[in-house]
Structures are given as C-alpha cells and as structure tokens.
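The values are calculated or read from the model by the stated rules, or taken from the named source; none is laboratory data. Note that this is a predicted model, so its numbers are computed, not measured. Don't worry about glycine lacking a Cβ; one is built from the backbone with ideal geometry, like all the others, and counts go over all protein chains shown. Heavy atoms of the whole protein, side chains included, go into the accessibility calculation; ligands, DNA and RNA do not. Shrake-Rupley method; radii C 1.70, N 1.55, O 1.52, S 1.80 Å.
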Amino acid sequence: MSRVILDSRYFYQNVRVSLDDSALQNALRKACDEVLGKRAALVASTPHWEELRRAAHRIKEHTLARLDYYLLQLEKNLEAQGVRVHWAENAEEACTEILTIARKHNVWTAVKSKSMTSEEVGLNAFLEGRKIRPVETDLGEYIQQLSGEPPFHIVTPAMHRTRQDVGRIFAEKLGVDYTEDPEALTQIARRTLRRDFLSAEMGITGANFAVADPGLIGVVENEGNARLSTTAPRVHVVLMGIEKVIPTLEDLRVFLNLLSISSTAQRLPCYVNLIRSPRQEGDRDGPEEVHVVLLDNGRSRILADPAMRSSLYCIRCGACLNVCPVFQRVGGHAYGWVYQGPIGSVLTPLYRGLEYGYQLPFGSSLCGACAEICPVAIDVNHLLVELRARIQSGLNTSGLLERLAFRVWSFVASRPRLYRAGALLVRVAQSLALPRRRHLRLPVWSRTRTFPKLARRSFYRRWRQLADQLSP
Ligand code: SF4
C-alpha cells in the first residue's frame, strides 16, 4: 500500500494501485466478510431493528434542527459540574486550544484513545511539532502510529495488517524479538503503553456522544485504553464535533445498541465511559481537570445545507465501509483522507471542498448497500448523487460532447412523445445496423461494458398492454 498517495485528488490513481494488490483485497474481503456476517446475525436477532434505526434518524433530525439549543444546554450542564468548555471554529483553533491547556499543565506526553476528529484536525502532527509526544493507545491506532501511516478504516485502523506485519513493526520500532503470536504481540503493546499511561500528564479522547441533559460525554471502546486515558493523567481533554450532541440518556440507549452492532458486531461494547466531571472529593482516581473542545470545522456550513445536512447524522460506525464493494477492493488509504468509503466520499468534499474531493463521489457503484446498512438510515447514495451533480456543474469537469449529449437527453427525456418517437427510431436503426444481434460499440464506454440491445417492445407499450388486459 505504500505506493498509494495519501491525497484525495489522487483517488483514481490510487484505485489502480490497489486493484493490482491482490493481497490487500484478500485481507480486506476476509475482514469485511467476517464483521458483516456477525453483524447480520445480531441484527436478525435484535427485535425492532428497523424501528431503532428510524428512532436514531429522528433523534438526529430533531437535534440538528435545534443544535444551538442543545449545545448551549450541554455547555451549561457540563460547566455546572466543573468541566471547562471551549469552542473551536476550525482545526487550527482546536489544536491551539489543546496546546494552551497542555502548556499550562507542563504536558510532555499525551495518551490518546482513538479519535477520528483528532485525525481530522491533524492534532498529532501539531503537537509533535511543539515538542509534545502524542501516544495512540488503541491497539490498531498504535500499530498505525508506529508504522507512520494514518488509520486505514474509521473503526479498525489496522484492518489491512497481518500479524506478520505487526510482528515486523514491533520488532523494528520497539526493539523486541520478532513474534507473530497475537497474544504475545498484545502483551508487548500492553507493557509499553502501560508506562505511557502512568507517565502521561494529559489524556485526549474523542466522544461518541455528548448528552445535553444531564451533561455528559460518552466514550465507547473495547480495550480499556479510553478508560485509562480518561482517568490516569492529571488532565483530560475531549475533542468532539458539534454534531455529536444528543438530547437525553434515553436517546443514548438507542445509539449504544446501534453503534456496537454496526461497528464491531457486538451486542454491547466492553466499556461505556460516561464522563460528567473532573475528580470529585472522595474519588479514588480521575483527572483534576476535564476540558471539552467543541469543534465546528465546517459543520455549521453543512447544517445550513438542507440537501447535505443528513451527513451530520453519521455516528462513524464504519458499516458502510465494510459493505461497500468499492472499499472492499481499494481499501481506506486510497480515499486519501481521514474518512473513507461511501460516507468518506461525502464528508471529504464537504469538509475540505469539492476541489479536493471531487473524484470521490464518483468512486461508488451506487448499489445502495451503504444506505441499506446505515444504522442511522442516512441515504448515503442520495448524498453521493447530489454531490456528483454539484461537482459536474461547479467544476465543469465533463467535456463539451458529454455536456451536449446530456442536454439533448434531458430535452428528449422530459417530452414523452418525443422520447417514444426517438426510442422507436433507435430501435429501428439498431435492428438495421446490427441485424445479427451483435452489440453496439461506443468509443471509450464499450471498453469495459456492453451496450445493451434495446428490447423489441418498449416498457411503455408492454405496460399499456398489461393495463388494458387487467382493466375490467
Ligand atoms: S454513514 Fe451510516 S453506516 Fe456509514 S459510518 Fe456513518 S453511521 Fe455508519
């Protein structure tokens, strides 16, 4: 995968590289099939799954329509419990805010639990450039950090790695003897990270959810590393996108079920950390200060765009990546930015601009599997089509001939009589030009697919005939 360029503007180029990498595709398909199989079994045994999805969709719709109200309620309730809340308009403000907190507390090492939002703002590079050592503590993230690569998948960052890969990375970067035994590898990571947990002055996490009433941050995980990151260091900083807020604990119940089944195919996650305040009198552990940084970074702009707003409903479960036939072939790095797969193809152009992500919405078969699997019932397909239309008209990437062809098509297709007459003409021309049922060949288009022969009778005529037969 090293030949892939980590830049969304090279998506087409990256796809070619990935398609030549059969080992990558095998690893991906195996990993995706496994999690999808387990997930399907859990969904089948979950009563009212569809109702839960619809409830989650409604909660997100409701919350985002009143986002200002819920964010202020969250801020008020968190601050009443001693948490300090900061607002960041963009990536730079978020990083600077965290740096200011770090400097105030003489932080040299910050342990981090998995946070895609921190990847989005480039926090690790920012801190490293200012002599603060960020240490990823989620095992997958840790492997990726040691190898100098960004996460490959929003839920399973090292999904493409074999245990032999991990053995080599640990031997090279940690100076331990090579082993490919998963148990031994886990023990090595645990021993090394334990030292960092105990010496770090700051813990940084994201938030899966933030509950406005009673004011708490929810972090879901399986390894216990987020629990250590939020309790061992003196200071805990939460970096979260403003769209993560939900109104009540009752709403949290809906999302907890949906998230763990969709992301890791578990009925419930191993740990659900609910953080309400810094350490209180009598507490045996916990940080002296808790800070929450509420990040906008383009989210308000998306909120103001009714056609794109539902992309903010995403709970980053990764299910749409696993089910996507394109992701299964090209993998996460091909997408060139933090968010991959179908939802990444929506988020990257929205967050970073169409000029940066203009290739991504076209990297989809539009099969609809992403929309079908999404636990929040986001119509990802529809978002991709909408972005395609914007890119086509905004960037004018199509050639003159193509634009002309679509104009003619749109003119004809919106006039039924003309359309039927045209179809008849094409049918006759086709039978004259291709009498022996050979297929029509078009330049470029026919390189990878066959032009279908038109049916002898049109759908319209068959429909009319059927309607006549069925009418009393
Ligand atoms: S779009 Fe839906 S399926 Fe994809 S990551 Fe977001 S919540 Fe999960």
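Mark the label point 7 Å from the Cα of Gln280 along Cα→Cβ and return the residues of the range 196-228 whose backbone N is within less than 17 Å of it. The answer is 213-218. Rounded to whole Å, give me the distance from the Cα center of the range 380-421 to that of the range 96-175. So the two Cα centres are separated by 44 Å.
Quickly estimate the mean residue ellipticity at 222 nm for the chain, helices only: each DSSP H run with n ≥ 4 gives -39500 (n - 2.57), and the total goes over all residues, rounded to 500. Let's see the in-between values first.
Working: 22 runs with 246 residues, N = 472.
Helices in the chain give a 222 nm mean residue ellipticity of -16000 deg cm²/dmol.
How many angstrom lie between the C-alpha centres of the range 200-241 and the range 312-362? Here the answer is 26 Å between Cα centres. In the full protein assembly as shown, how much of Asp20 is accessible to a 1.4 Å probe, in Å² to the nearest 10? About 120 Å², ignoring ligands and nucleic acids. Considering only alpha-carbon pairs that sit under 8 angstrom and 6 or more positions apart, the relative contact order computed for the chain is 20 percent.
When the solvent-accessible surface of protein heavy atoms is calculated with a 1.4 angstrom probe, in what order do Tyr12, Tyr339, Tyr351 fall, highest first? Before the final figure, lay out each step's value.
Values: Tyr12 105, Tyr339 5, Tyr351 25 Å².
These residues rank, largest area first, as Tyr12, Tyr351, Tyr339.
Solvent-accessible area per residue in the chain equals 51 Å², computed with a 1.4 angstrom probe and all protein chains kept. Placing R0 at 35 angstrom, the Cβ-Cβ distance between Ser199 and Tyr69 gives a FRET efficiency of 0.25 after rounding to 0.05.
Spin-label pair Arg58-Glu288: with each label point 7 Å from Cα along the Cα-Cβ axis, the two points sit 4.7 nm from one another.
Taken about its Cα centre, the chain carries a charge dipole of about 3240 debye when Lys and Arg each add +1 at the Cβ and Asp and Glu each add -1 at the Cβ. Ordering Glu289, Glu141 by accessible surface, largest first, gives Glu289, Glu141; the 1.4 Å probe counts only protein heavy atoms, with every chain in place.
For Arg227, the accessible surface of its heavy atoms amounts to roughly 100 Å² (probe 1.4 Å, protein chains only, rounded to the nearest 10). Glu402 contributes about 90 Å² of solvent-accessible surface, heavy atoms of the protein only, 1.4 Å probe. In the range 287-354, the portion of solvent-accessible area held by carbon and sulfur atoms comes to 52 percent [1.4 Å probe, whole percent, DNA, RNA and ligands not counted].
For the chain, the Cys residues with no second cysteine's beta carbon closer than 4.7 Å are Cys32, Cys95, Cys270, Cys314, Cys317, Cys324, Cys367, Cys374.
Could you work out the relative contact order of the range 274-331, using alpha carbon pairs under 8 angstrom and six or more residues apart, expressed as a whole percent?
Values: 20 pairs, mean separation 8.7, N = 58.
Relative contact order of the range 274-331: 15 percent.
Each of Lys104, Lys244 has its accessible area taken with a 1.4 Å probe; listed largest first, they run Lys104, Lys244. Look at the alpha carbon pairs under 8 Å that are at least 6 residues apart: their mean separation over the length of the range 293-394 gives a relative contact order of 28 percent. Nearest 10 degrees is fine. How inclined is helix 67-80 to the longest principal axis of the chain, computing both from alpha carbons? Taking Cα atoms only, the helix is inclined about 10 degrees. Selection among Asn26, Leu64, Ile98 by position relative to the dipole of the chain gives Asn26 as farthest towards the positive end (Cβ unit charges, Cα centre). In the chain, Rg over Rh equals 1.04, where Rg is the alpha-carbon radius of gyration and Rh the Kirkwood radius from pairwise Cα distances. Helix 91-104 sits at what angle to the longest principal axis of the chain, using alpha carbons and giving 0 to 90 degrees rounded to 10? So the helix axis and the longest Cα principal axis differ by about 10 degrees.
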